[in-house]
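Structure record follows, encoded as structure tokens.
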Amino acid sequence: MLQPLLGKKRVDALLPEVIHEVMEVFYRPDTGLVLENVYTDGSFCDSFEGRLLNPGHAIEAMWFIMDLAVRMNDSSLVVKAKDIN
């Protein structure tokens, strides 16, 4: 974690944005996929890069999200991350 470098206050302030990026921008509930690349507006990039999927990255991202959810005492986010994989 970057907390030793950024400080707890800064990390806590960034958590909602980071979680939003993963769970609302890169995760697509309609397909159940965690995308690797999207356009800057968050829309699907219909190209090689946009269609590229890395299951290991998706699993790792959900592991990190679950860790953050535990830190934030958000059991519903733990369940959501678990159900994605």
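Derivation of every value follows stated rules applied to the coordinates shown; laboratory data play no part. What you see is a predicted model; the values in this text were computed from it and never measured. Cβ atoms come from the backbone with ideal geometry, glycine included; neighbour counts cover every protein chain shown.
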(request) Neighbouring Cβ atoms within 10 Å as the yardstick, rank 41, 74 fewest first. (result) 41, 74
(message) Using +1 at the C-beta of Lys and Arg and -1 at the C-beta of Asp and Glu, which of 15, 69, 39 has the Cα lying farthest in the positive direction of the dipole of segment 14-77?
(response) 69
(message) For the chain, what does the helix formula give at 222 nm: sum of -39500 (n - 2.57) over DSSP H segments with n ≥ 4, over the residue count, nearest 500 deg cm²/dmol?
(response) -16500 deg cm²/dmol
(message) As an exercise, use a Förster radius of 22 Å and the Cβ-Cβ distance of residue 67 and residue 33 to find the FRET efficiency, rounded to the nearest 0.05.
(response) 0.55
(request) For the chain, calculate the relative contact order in percent as a whole number, restricting contacts to Cα pairs under 8 Å that are 6 or more residues apart. (result) 19
(message) Looking at the chain, I'd like the Rg to Rh ratio, where Rg is from alpha-carbon atoms and Rh is Kirkwood's inverse mean 1/r.
(response) 1.00
